[in-house]
């Protein structure tokens, strides 16, 4: 319907408008703009970062692969919702100053959850457009079955620690996901960071970790500026080091990439990336894909309800 240049202009204007709206509401104290400042900040960042990528290399996720962005948004919402359900056991964070109006609260929360994967991957793609780590090479090696078994074992141990003693080990859930999923992606022929390492190409991994760190810094900055916010419950050994939370965001980016790559099994390995890795074999049929889509909606709904019931510590009656 629209050519890419038209979409780029619209995305740019929308990004600038959301930035103006969010910051105006924040500094003027206009509700619910002030309360939901994070949503305006994060989505304006996605739009402007993607636009910058398009200006540099002539294509981008939002402008050139718009349907892939919509799929990414849906998976981001569901994965964040699943993590919130897991947080009922972990007790890793809680929410404060949530609006009492259900429509405002759920819309803001859903938009925030839906922004996680787009934020990380759009930032990583921008770094790629800038040429960050592009020519970096490492030693080529063969990943043998023994290494994959070590990954599985490490992931299982870390996950058990996180679930058994979350007060001390809840941050281990992110590396656990990475260690458990990456070998599976490699085995299924899906996009895999292990395959990149095997070929002596660490650039994507480094761009993702850099994107995770930058996004983490921005998210926490915007979170502190917003009316509605979350707070981390750091493990006892780290309770006096709040900056330690930033060490988890690069790992979050790697785990997010691995999990989304695994989800691409439903679409024969097709992902958000410009160049996708064709998956060998036959992909699941339409019935399986629609069943998964229904499950994602159910998980998101249950997570929204569960957060209201268990993870929110303070509501605001006037919003």
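For region 191-228, the residues whose backbone nitrogen is under 18 Å from a point 7 Å from the Cα of residue 141, taken along Cα to Cβ, are 193-206. Only Cα pairs under 8 Å and 6+ residues apart enter the sum, and on that basis the relative contact order of region 12-164 stands at 25 percent. Stretching residue 195 away from residue 305 to a fully extended chain increases their span by 35.7 nm, per 0.36 nm per residue minus the current alpha-carbon distance. The alpha carbons of region 66-147 occupy a box of 55, 35, 23 Å along the principal axes, longest dimension given first. Mean separation of Cα pairs under 8 Å and 6 or more residues apart, divided by the residue count, gives the chain a relative contact order of 25 percent.
Summary of packing: across the peptides 225-231, 77-83, the per-residue average of other C-beta atoms within 10 Å ranks them, highest first, as 77-83, 225-231. For a test of the definition: using alpha carbon positions, the gyration tensor, and the 1.5 limit on a/c, classify region 2-150 as rounded, prolate or oblate. Oblate. For region 243-308, the Kirkwood hydrodynamic radius from C-alpha pairs, put into Stokes-Einstein at 20 °C and a viscosity of 1.002 mPa s, yields a diffusion coefficient of 150 µm² per second.
Would region 165-289 count as rounded, prolate or oblate if I go by the C-alpha gyration tensor, calling it rounded below 1.5 in a/c and otherwise prolate when a/b exceeds b/c, oblate otherwise?
Prolate, because a/c is 1.5 or more and a/b exceeds b/c.
Summarising the label geometry, the points placed 7 Å from Cα in the beta-carbon direction at residue 57 and residue 85 lie 3.4 nm from one another. Annotation: peptides 178-189, 100-111, ranked by per-residue average of other Cβ atoms within 10 Å with the highest first, follow the order 178-189, 100-111. Only Cα sites of the chain enter the Debye sum here, all with the same form factor; the resulting log10 I(q)/I(0) across q = 0.08, 0.14, 0.15 1/Å is -0.38, -1.23, -1.41, listed in q order.
Since every read-out is calculated from the coordinates, none of them should be taken as a lab result. Note that the structure is predicted; figures quoted are calculated from it, not measured. Methodologically, a virtual Cβ is constructed for each residue, glycine included, from the backbone with ideal geometry; neighbour enumeration extends over all protein chains shown.
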